[in-house]
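The next block holds one structure in the form of structure tokens; read it before the comments.
The values are calculated or read from the model by the stated rules, or taken from the named source; none is laboratory data. Keep in mind the model is a prediction, meaning the values are calculated, not measured. Here the Cβ positions follow ideal geometry from the backbone for every residue, glycine too, while neighbour counts run over all protein chains shown. Areas reflect the complete protein model, heavy atoms only, side chains present, ligands, DNA and RNA absent. Shrake-Rupley method; radii C 1.70, N 1.55, O 1.52, S 1.80 Å.
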Amino acid sequence: MSNRMWGGRFAEGPDAIMEEINASIDYDRKLYRQDIAGSKAHVAMLAAQGIVTADDAATITQGLDTILSEIEAGEFTFSRALEDIHMNIEARLAELVGPAAGRLHTARSRNDQVATDFRLWVRDTMDTLEEQLTELMQALAERADQHAGDVMPGFTHLQSAQPVTFGHHLLAYVEMFSRDRSRVRDARKRMNECPLGSAALAGTSFPIDRKATASALGFDRPMANSLDGVSDRDFIIEALADASICAMHLSRLAEEIVIWCSAQFGFIKLSDKFSTGSSIMPQKKNPDAAELVRAKTGRIYGSLQALLVMMKGLPLAYSKDMQEDKEQAFDGLASISLALAAMTGMVRDLEPVTKTMKKAAGSGYSTATDLADWLVRVLGMPFRNAHHVTGRIVAIAVEQGIELHKVSLAEMQAVEPKITDEIFSVLSVDKSVRSRTSYGGTSPVNVRKQARRWLKDLAKA
């Protein structure tokens, strides 16, 4: 027999394979709250416009509330034969309230219905991601304030470059995640337009009030073009693009945590809460949470790429291809949410081994730039000349297998006679970081000031 939701055009029901490829209820049931909210706003508008009676609207609304309670209590039976969340709810509504249920779909199509539901769901998810990013930034800023003066190596090419502080390093990630949060806010603002009322693609001849439904659902305005209203998926692509950039930042921090935890570095310790062991090596304590955050990045990228490829060849307006957007969106945004939660936990949990970091900060001739700066500042030497002199002194240290501050004054003066013993005052890592007072620099005073500014701002978020 034909599917009753499709009407009389079909004399037969779908083949089993068609039913299998066509059904989306296994995953789009996630949209039940949004679908019911959209339907309630729609029927309220229909009643206000005199398109359905107030009695029918009240009956439909009561039925929708009953369905919401059933789903949340786990008492609702989802049917794959009914394809999706929209038809499942509509069929149950007909069972509950009878013929009045048929009036709900007046001036509406599944095309604008799903577009509205999906926007509502993504909007809710973006609100959650914004909150999670704020929590992660707070955790990083708190640790930065605690460790504003703890010295560690700063790296370029993963080689010791110049001393920085642990707090300064963490604040770099606060800046990254603040940009992620800004992108989430921007995307949320752009997606906050309502497709409902676009109908199948051309709008409707009924005298609907699209501004009323948009307002009832918390949108800023209705979408201005009905074709765009049903076919646009920019909002989820942008959400996944934002998630991908954020995941890249999370992955960089996860990589550093993995490196820092290693015996070769020993910069930090993670507790058992974010570590696992080995089935064969009893001594192992693996930073698996960080490794899994790093791995989630590829999964999120995959979701974004899948949607971009799916949408690139679709003509206007709606095509069934778009049904494939849900699983990618659900998976990609769930993955970034889990990664943010895990990283926030690790940041709060980790303990820096400050003695090890400070010792490493002095290795690799990391204060060579301080020596060159001294030559410029005190002796008035052009920087390129100072760079050359410093390089020759570093070569002496390398040849002797000693640290830079252990090269004797006489050996330095053999390279540049005007050098005095004052040079040793700039070769300690503590004095190096204290001297970096330029805006955005690593001096503990700067770091503490920036960390506390962030904490004050984040408390208002």
key: Only listed residue being open to solvent by less than 50 Å² (accessible area, probe 1.4 Å), of a type in the set (Ser, Thr, Tyr) and closer than 18 Å to Gln162 by Cβ, chosen from Ser425, Ser435   = Ser425
ask   = Going by the structure shown, is Leu333 surrounded by 22 or more Cβ atoms within 10 Å (Cβ to Cβ) and not charged (D, E, K, R)?
value = yes
key: region 400-427 residues that are in contact (Cβ under 8 Å) with a residue 60 or more places away in the chain, paired with ones that are open to solvent by 60 Å² or more (accessible area, probe 1.4 Å) and not hydrophobic (A, V, I, L, M, F, W, C) (beta carbon under 8 Å, 6 or more apart)   = Leu427/His405
ask   = Considering only helices (runs of 4 or more DSSP H) fully contained in region 187-290, which possess at least 1 residues that are of a type in the set (Phe, Trp, Tyr) and at pLDDT 95 or above?
value = 234-261
query = Somewhere in region 29-43, is a residue open to solvent by less than 60 Å² (accessible area, probe 1.4 Å), outside any helix (DSSP H, G or I), not basic (Lys, Arg) and not assigned by the TED database to the domain that holds Phe219?
reply = no
ask   = Here are some conditions: (1) surrounded by 22 or more Cβ atoms within 10 Å (Cβ to Cβ); (2) at positive phi. Glu83 meets all but one. Which one does it not meet?
value = (1)
query = So, of the residues in region 91-129 that are of a type in the set (Asp, Glu), open to solvent by 30 Å² or more (accessible area, probe 1.4 Å) and in contact (Cβ under 8 Å) with a residue 24 or more places away in the chain, which turns out to be nearest to Leu201 (Cα to Cα)?
reply = Asp124
Qualifying residue in region 82-89 (condition: in contact with a strand residue (DSSP E or B) (Cβ under 9 Å, 6 or more places away or on another chain) and touching a residue at least 40 places away in the same chain (Cβ under 8 Å)) = no
query = Going through region 357-382 one residue at a time, which ones are within 30 Å of Asp272 (Cβ to Cβ) and in contact with a Phe, Trp or Tyr (Cβ under 6 Å, 6 or more places away or on another chain)?
reply = Met357
ask   = Scanning region 130-172 for residues that are polar (S, T, N, Q) and surrounded by fewer than 24 Cβ atoms within 10 Å (Cβ to Cβ), which turns out farthest from Gly362 (Cα to Cα)?
value = Gln132
inquiry  = Within region 410-461, take every residue that is among the basic types (Lys, Arg) and at pLDDT below 95 and give me the one that is farthest from the chain's Cα centre (by Cα).
reply    = Lys418
task = Return yes or no: is Gln305 under 30 Å from Ser109 (Cα atoms) and open to solvent by 90 Å² or more (accessible area, probe 1.4 Å)?
result = yes
task = Taking the residues in region 135-169 that are over 27 Å from the mean Cα position of the chain (by Cα) and small (Gly, Ala, Ser) as candidates, determine which candidate is modelled with the highest pLDDT.
result = Gly149
